[in-house]
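Let me begin by handing over the structure; questions about it come next.
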Amino acid sequence: MTKEEKALLDMIAYAEGTLGVFNNGYDVLVGYNKIVGWTPDTKIVHGGSAWYDSKNKSNAAGRYQFLYNTWLGGTKEKQGPNLAMTKLNQDKRGLELINVKIGSMDKTTLNNINNFKLATDQLAKTWASIPLSTTGSSYYSKDGINKAKHSVEDLFEVYKKALTLYS
């Protein structure tokens, strides 16, 4: 994994509010509940509807707050396997989603705010906590639930700081 990819994952965890929480977010359920018994090499799979939080109307889980269907991947017709929510699997799935959204973009150019905004505008379509650069609100803000709590500029600073950690 490149330093840019690691920094993007840290930025997403920060936006999702899981960076530094419990086991650095890997064992966090929506609403800051904890996946009981989680370890870095856990056998626990995504709980889907069993992990549904009615207050937040979500079953998001892990460092990058994967919804059940997002965690499974694939298409609505053919979902992937419900893999164990290990640290490695969460990082891999997060990186897969990043690459789907900004795949051909040269990640080494994300230290430029304009390129970073282009990337976050794409990532906002997967992570409701990442704001659109044009509006500052979540791509999903019309549902009344999802809100971006940080500005793109704040996330850019987090990204740059994370980059220095991995340099």
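Return the subset of Lys43/Lys142; Lys117/Lys161; Lys6/Lys142 for which the Cα-Cα distance in this structure is over 28 Å, preserving the input order. It would help to have the intermediate numbers written out before the result.
Numbers: Lys43/Lys142 36 Å; Lys117/Lys161 16 Å; Lys6/Lys142 30 Å.
The answer is Lys43/Lys142; Lys6/Lys142.
Right, here's the next one. Using the heavy atoms of the protein chains alone and a 1.4 angstrom probe, what is the accessible area of the chain per residue in square angstrom?
Details: 8870 Å² over 167 residues.
Ligands and nucleic acids excluded, the result is 53 Å² per residue.
Given C-alpha coordinates of segment 75-167, what is the ratio Rg to Rh with the Kirkwood estimate of Rh?
Working: Rg = 14.5 Å, Rh = 14.6 Å.
Checking Rg against Rh, the ratio lands at 1.00.
Leaving out ligands, DNA and RNA, what percent of the accessible area of the chain is carbon and sulfur, probe 1.4 Å? Numbers along the way, then the final one.
Details: 4650 of 8870 Å².
Here carbon and sulfur together make up 52 percent of the probe-accessible area.
Separate question: Let me know the volume per residue of the alpha-carbon convex hull for segment 1-132, in Å³.
Numbers: hull volume 14.6 nm³, N = 132.
Expressed per residue, the convex hull around the Cα atoms of segment 1-132 is 111 Å³.
The values are calculated or read from the model by the stated rules, or taken from the named source; none is laboratory data. What you see is a predicted model, and the numbers here were worked out from it, not measured in a lab. Areas reflect the complete protein model, heavy atoms only, side chains present, ligands, DNA and RNA absent. Shrake-Rupley method; radii C 1.70, N 1.55, O 1.52, S 1.80 Å.
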